[in-house]
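Here is the structure we will look at, set down as structure tokens.
The values are calculated or read from the model by the stated rules, or taken from the named source; none is laboratory data. Keep in mind the model is a prediction, meaning the values are calculated, not measured. Cβ sites come from the backbone with ideal geometry, for glycine too, and all protein chains shown count toward neighbours.
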């Protein structure tokens, strides 16, 4: 765990966050890649650049609002906890929902094909998310459950006292679930990039992203130990993953070309 990349002075007030640096690297890499992929699909790179920047900002707001909404019962009881919450990254699915809504409205306003734009953004998003999860690992947030027994790989043990502000257990071997998800997002990025280069119909790359990410996120949630919601046996993110997978599957079925019945034979 290394939450502070560079500290200015002896206090914890001024420092360069490792999480922030990794997220910035992921964003810049996604921005660069999206512009290159846009050219391959005949989309104006400057429009895609605008979309990347603004969807990031809208997504960040959406992720924060989602985090606050899901924690309303806690904040009503202890309003003082609201301010520290603003330091957290937020709920990814909330940011994805807000960001997608912005992209859809932007495409309608500018006359851009939404499905094609979504395909251009899918692989860069997975790449940026991989860097973000590395940032989570450095910060100690989104931590995993205790391994309980030896595992074939090294469990992670956090020692940095800064983790106490986000509730990370110290001195306990935990599953490095942040690295699991970073690895799966990186693999997802490679799959999406390969699929994109094969030029499938518009919208298919984005649909594959939604389905595969929902599946991996659903599984990794079982290894998360931080507070995951209040909706029964599954976490909030797991319910959202199921909803996203169901909605995406329904859209694909509706869009699937129906087989035409063969013409009747003349007698």
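Residues satisfying the criterion are absent from region 160-172 (criterion: buried (at least 20 other Cβ atoms within 10 Å of the Cβ), at negative phi and modelled with pLDDT of 90 or more).
Within the group 198, 217, which residue is over 20 Å from the mean Cα position of the chain (by Cα) and either touching a residue at least 40 places away in the same chain (Cβ under 8 Å) or under 30 Å from residue 107 (Cβ atoms) (or both)? Answer to the selection: 198. With the requirement that a residue be within 15 Å of the chain's Cα centre (by Cα) and assigned to a loop (DSSP other than H, G, I, E, B), what does region 124-144 give you? The answer is 141, 142. Against the conditions (1) crowded, with 22+ Cβ neighbours inside 10 Å; (2) more than 19 Å from the chain's Cα centre (by Cα), where does residue 121 fall short? Just the number, please. So residue 121 meets the others, but not (2). Restricting attention to region 206-226, the residues that are closer than 14 Å to residue 245 by Cα and buried (at least 20 other Cβ atoms within 10 Å of the Cβ) add up to 8. Go through the residues of region 103-117 one by one and say whether even a single one is within 19 Å of residue 241 (Cα to Cα) and either part of a helix (DSSP H, G or I) or without any contact (Cβ under 8 Å) to a residue 24 or more places away in the chain (or both). Within region 103-117, not a single residue is within 19 Å of residue 241 (Cα to Cα) and either part of a helix (DSSP H, G or I) or without any contact (Cβ under 8 Å) to a residue 24 or more places away in the chain (or both).
If you go through region 177-205 and pick out every residue that is crowded, with 20+ Cβ neighbours inside 10 Å and either at pLDDT below 85 or touching a strand residue (DSSP E or B) at 6+ places or on another chain (Cβ under 9 Å) (or both), you end up with 2.
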